[in-house]
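Beneath this line is the structure, given in structure tokens, with notes to follow.
The values are calculated or read from the model by the stated rules, or taken from the named source; none is laboratory data. Only a predicted model underlies this, so the values are computations on that prediction, with no experimental measurement involved. Don't worry about glycine lacking a Cβ; one is built from the backbone with ideal geometry, like all the others, and counts go over all protein chains shown. Only protein heavy atoms, including side chains, enter the accessible area calculation; ligands, DNA and RNA are left aside. Shrake-Rupley method; radii C 1.70, N 1.55, O 1.52, S 1.80 Å.
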Amino acid sequence: MVEKTKSIWTEWSFFAGVFVTIAVLAVFAWSLTFPVVADGKEFLSKWQYLKQATPNEIGDTLAGVAGSLAFVWVVVAVLLQATELREQREEFEKMAEAQSAQARVLQKQAAVFEDEQKQRDELRAELLFNEKLRSLIASIRDSSSQGVHWAFSNSEIHDEYGSDGEIHGFSLSGYVDDSDLIDETITKFRERLSNLPRILWDYLHQSIHYRLPEKTDCIPKVIEKVEQVLAMRGDLSLSQQERLSRLRLSEIVATLDDLQNESNIWEDAA
């Protein structure tokens, strides 16, 4: 920013100094017309006296006038300096205010950038969250191929998964469909899984013939997948955190833990 130099010709104190200077000189000139008596002689005016006065007397007269003018301009200089200092202070205050405004703008921009970065991070976390849920569903589907499969038979039992008098297959993956609706699939699995211990006990206590599954590491793998999803809560947006709460994955972990620790439904390892 180019600073503009303010001319002293626009300052009232300078004009006041000029006016007082003219006034002092006018009074001095007027005083030269007064009659003077010096050294026993009478002069019609002081001007006539000065024309024949000694240099010392002339110097004293001019020194008095010069002293008066010097005092006037010292006062004018002080006033001019005070005005300049006041203007500089006002300029500094304006600059400080402008810098404060700029700092506020930068803070707002930083907040916007931070919010945008947060949204990008949450979007990436949401994509990873969905992929982890899909991985969980795939892990549940694959569990039946790893040995988590029950087979029962009882002529008196009617089961929704089989008909009377037949061998009934019972597996974790049987509760997950091929739908792309992730939330519905997980919710369906959780709701049916919650009834699994009761159904298993009914089969075990009422079946004539049954085959227990061998205990494998497939259930711990499913639990691990669920815990990985739960660990993402802090990285998700508020809406995705609410979605995670609705899935109630902690209930899935608790049910699978109970199922894994129930020794009566697992075949003894050879």
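A compact table of results
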item	result
Matching residues, segment 185-211, being more than 49 Å from the chain's Cα centre (by Cα) and either modelled with pLDDT of 80 or more or farther than 19 Å from Asp258 by Cα (or both)	Gln206, Ser207, Ile208, His209, Tyr210, Arg211
Lone qualifier among Ser179, Ser171 - being modelled with pLDDT of 60 or more and either closer than 24 Å to Pro220 by Cα or not aliphatic (A, V, I, L, M) (or both)	Ser171
Residues of segment 44-75 satisfying the condition of being surrounded by fewer than 12 Cβ atoms within 10 Å (Cβ to Cβ) and not in a helix (DSSP H, G or I)	Leu44, Thr54
Some residue of segment 12-31 being assigned to a helix (DSSP H, G or I), open to solvent by 60 Å² or more (accessible area, probe 1.4 Å) and within 30 Å of Leu238 (Cβ to Cβ)	no
Residue match in segment 86-103 (condition: under 60 Å from the mean Cα position of the chain (by Cα) and touching a residue at least 12 places away in the same chain (Cβ under 8 Å))	yes
Residue, farthest from Lys188 (Cα to Cα), within segment 127-142, restricted to residues that are in contact (Cβ under 8 Å) with a residue 12 or more places away in the chain and open to solvent by 60 Å² or more (accessible area, probe 1.4 Å)	Leu128
Pair list, Cβ < 6 Å and 6+ apart or interchain, from segment 49-72 residues that are under 20 Å from Phe34 (Cβ atoms) to residues that are at pLDDT 85 or above and open to solvent by less than 60 Å² (accessible area, probe 1.4 Å)	Ser68/Val24
Residue in segment 32-43 that is outside any strand (DSSP E or B), surrounded by 10 or more Cβ atoms within 10 Å (Cβ to Cβ) and acidic (Asp, Glu) present	no
Segment 80-125, residues that are open to solvent by less than 70 Å² (accessible area, probe 1.4 Å) and not acidic (Asp, Glu)	Leu80, Ala82, Thr83, Ala96, Ala98, Ser100, Ala101, Ala103, Ala110, Ala111, Ala125
